[in-house]
1. Of the peptides 51-57, 333-339, how do they stack up when ordered by the mean number of other Cβ atoms within 10 Å, highest first?
2. Which residue, Ser127, Ser92, Leu73, has the largest displacement toward the positive end of the dipole of the range 71-207 when charges sit on each Cβ (Lys, Arg +1; Asp, Glu -1)?
3. If amide hydrogens are placed 1.01 Å from N in the peptide plane, which non-local residues have theirs closer than 5 Å to the one on Leu149?
4. Ranked from highest to lowest mean number of other Cβ atoms within 10 Å per residue, what is the order of the peptides 320-326, 66-72?
5. Which one, Pro315, Gly157, Ser234, projects farthest toward the positive side of the charge dipole computed for the chain from Cβ point charges (K/R +1, D/E -1)?
6. So in the range 53-367, what percent of DSSP beta bridges are antiparallel if you round to the nearest 5?
7. By per-residue mean of other Cβ atoms within 10 Å, what is the highest-first order of 269-280, 300-311?
8. Charges only on Cβ, +1 for Lys and Arg, -1 for Asp and Glu: so what's the dipole of the chain about the Cα centre, in debye to the nearest 20?
Amino acid sequence: MAGGSDHLKARWTSFRRGFRERNPLVLVAAAALTALTLLGVEFLIDAGAIVRVPESRFVRHRHDDNGHVTYVLAQLRRSPPTAPTVYLTGGSATMECFLSEESLSYDISRAAGRRIDVVSLAAHSQSFAESLALVENLPDGEALIAVGLAPMRFTNGPADDAGLLTGEPFFLRSASVRRMLEREAASTSPVDVVFPGVLRFLAGYVRERRTDGIPLLAEIPYEEHYTIDGPLRSRAQKREMAASDMRDDRATYAAYADYNFAVLEELVRLARERGFVVVFFDQPLNEHVLGASWDGVVPSYRQRAKAIAARYGVPYLEIARRVELADADFLDVYHLVTRGRVKWQPVLARELAAAWLDARGGEGLAAQ
């Protein structure tokens, strides 16, 4: 036993000594081994290897939106939907405007007269570039892309989106995002690779689970809703949040609106090119706090978005104007509680079904 232990110790010492070796041939071999390892990571991700692990073991924490979207996209690419599918893109306000994918699918299907599935790809603070990358990586098939609009969705700059080229926040590549960033002369990686994002994900996985006191690889349910039914933020708290966010959004909208509208138009162009139906809708916004204008940002983005919609024949769904929401329907400034979602979802479902039927020439019951 002692001899075996000494032999193992000697081999480990030799292995560690290799890291201090300066011989060019050894360094080249080490670089080649590293490159092969990283290529292996890229291959496994491309092959959808992450879905071999249950999502409950994959997500970093209970509200890991981007981890969830990464996992769902891998599932979709591995097993494309067989029915027409509505994909929701947007920020957390989109996440909180419906009760569940299943119930929204039921409402849309009933209004359309045929089965239509729903998959939410929305995530907290999702940018248009992130939505564009998701649309580019969706599987082929009959689909409607519902794009949620809001003041804060037009406030990301090119530098904020550069991580998409290195696998963050999603393990995917996007030639469309690279073209947009290069057009903006943003600092980007020379090649599109996902392993840097994978490494950051793993570091975050360990950090988040340790912070929450959850054992590594333990199963935890992903919770699709951030908001609960109370206690609601006070009127004063809502006004303070709105005033602060409005100041920030006004400045960043002025700086980055042109970039974000260019990305939004590219999203529409690509989706239409792939045969997808596209619709715009305004995410819920608590107008009872500081009014509907958002210091002029809302009228401005609506006007510009409607111009894009008209140019490409994209329906602009006026859901917010068809739902009478009260201040008590909002947890804060953006997020609906259950009573608000109960009001919003039926209108959203009818509008999405109508847009689908219109795009498909009235195809409904006969298609079942």
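1. Going by the mean number of other Cβ atoms within 10 Å, highest first, we get 333-339, 51-57.
2. Leu73
3. Those qualifying (amide H under 5 Å, at least 5 residues apart or on another chain) are Phe281, Asp282, Gln283.
4. Result, highest mean Cβ count within 10 Å first: 66-72, 320-326.
5. My answer, from the dipole projection, is Gly157.
6. DSSP beta bridges in the range 53-367 are roughly 5 percent antiparallel.
7. 269-280, 300-311
8. Values: 44 positive and 47 negative charges, 171 e Å.
Roughly 820 debye, rounded to the nearest 20.
Read-outs throughout are calculated quantities, based only on the coordinates presented, and are distinct from any laboratory measurement. The structure presented is a predicted model; accordingly, all values stated were derived computationally and were not measured. Positions of Cβ are backbone-derived with ideal geometry, glycine not excepted, and every protein chain shown enters the neighbour counts.
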